[in-house]
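Read the structure below first, then the notes.
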């Protein structure tokens, strides 16, 4: 078939088909030839949208052709009563400039696959009976049965009568166990030792937590506000109350070292960090002896309070 020239004067863009007649479902080759391809930086060829809904691109192939370039499309034709390939655009890029070339529509002869004799009206054939499809009815019946079962489950007590619910068992109040401040002090020292393993990298929180652990113990057991008091005030209080000399000595070593680290920017070495924990262990062993009676008194007081609390809760439950 003769080539169709493009509309742009600065270049030659031609198209051709490999056949003149098409029927619905045929595949054919559509060629686009571009002359002087080297004059352009890029060429943007048409895609499926350019050919319209009646033509589907099955394959493309681009090869040099003399001084130009030839792009071959393998198209699948699905049109009915269509007798031309629509005009398609080709975009030519030269640096920052873009030139649009339009290839005119390519005509062909459309040949129907149905003979004229086949299109004549034929007499109606008798209607044959078909089996009824019972599947939708079966599905609907299953859905209704499930819905009925769900409603029956929700309202079973109203339908079959309310069942007598078992009476709740009376709550048995429990007494809180006594947790000795000395036991809590041992747990806290163990936590500090495991958290700040040797060598201690952060001495400030290490010494602060250690000193606060003993201040908390004194505050809970002896009622002195040790956490809000200075080291000097705390030691003076202990001396005035006749505390054991070893307790005061170990406590002084721990608290004064902690004050140096927190307030005087004292940088302890590994030996200092290890020694202060040893002082803490020795202090715990000492106060376990000196505060034995005081701890036992706290235990008895706690048990008496718990017994009184249980009696009040029993009265509330009964009445």
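For the stretch 64-92, the set of residues classified as under 48 Å from the mean Cα position of the chain (by Cα) and in a loop (DSSP other than H, G, I, E, B) consists of 78 only. Against the condition within 16 Å of residue 14 (Cα to Cα) and surrounded by 14 or more Cβ atoms within 10 Å (Cβ to Cβ), how does residue 82 come out, does it pass? Criteria not met by residue 82.
When residue 186 is evaluated against the numbered criteria (1) in the same structural domain as residue 268 (by TED's automatic domain parsing); (2) more than 22 Å from residue 277 (Cα to Cα); (3) in contact (Cβ under 8 Å) with a residue 12 or more places away in the chain, which criterion, by number, is the only one it fails? With (1) in the same structural domain as residue 268 (by TED's automatic domain parsing); (2) more than 22 Å from residue 277 (Cα to Cα); (3) in contact (Cβ under 8 Å) with a residue 12 or more places away in the chain applied to residue 186, the lone miss is (2). For the stretch 283-292, the criterion of being assigned to a helix (DSSP H, G or I), at pLDDT below 90 and under 22 Å from residue 182 (Cα atoms) is met by no residue. Is it the case that some residue within the stretch 165-182 is at pLDDT 85 or above and assigned to a helix (DSSP H, G or I)? Among the residues of the stretch 165-182, at least one is at pLDDT 85 or above and assigned to a helix (DSSP H, G or I), which makes the answer yes.
None of 130, 160 is exposed (fewer than 10 other Cβ atoms within 10 Å of the Cβ) and modelled with pLDDT under 60 except 130. Among the residues of the stretch 269-279, are any at pLDDT 90 or above, surrounded by 11 or more Cβ atoms within 10 Å (Cβ to Cβ) and under 19 Å from residue 219 (Cβ atoms)? Scanning the stretch 269-279 turns up no residue that is at pLDDT 90 or above, surrounded by 11 or more Cβ atoms within 10 Å (Cβ to Cβ) and under 19 Å from residue 219 (Cβ atoms).
The values are calculated or read from the model by the stated rules, or taken from the named source; none is laboratory data. The structure displayed is predicted, hence computed values, not measured ones. Note: ideal-geometry Cβ built from the backbone for every residue, glycine included; neighbour counts use all protein chains shown.
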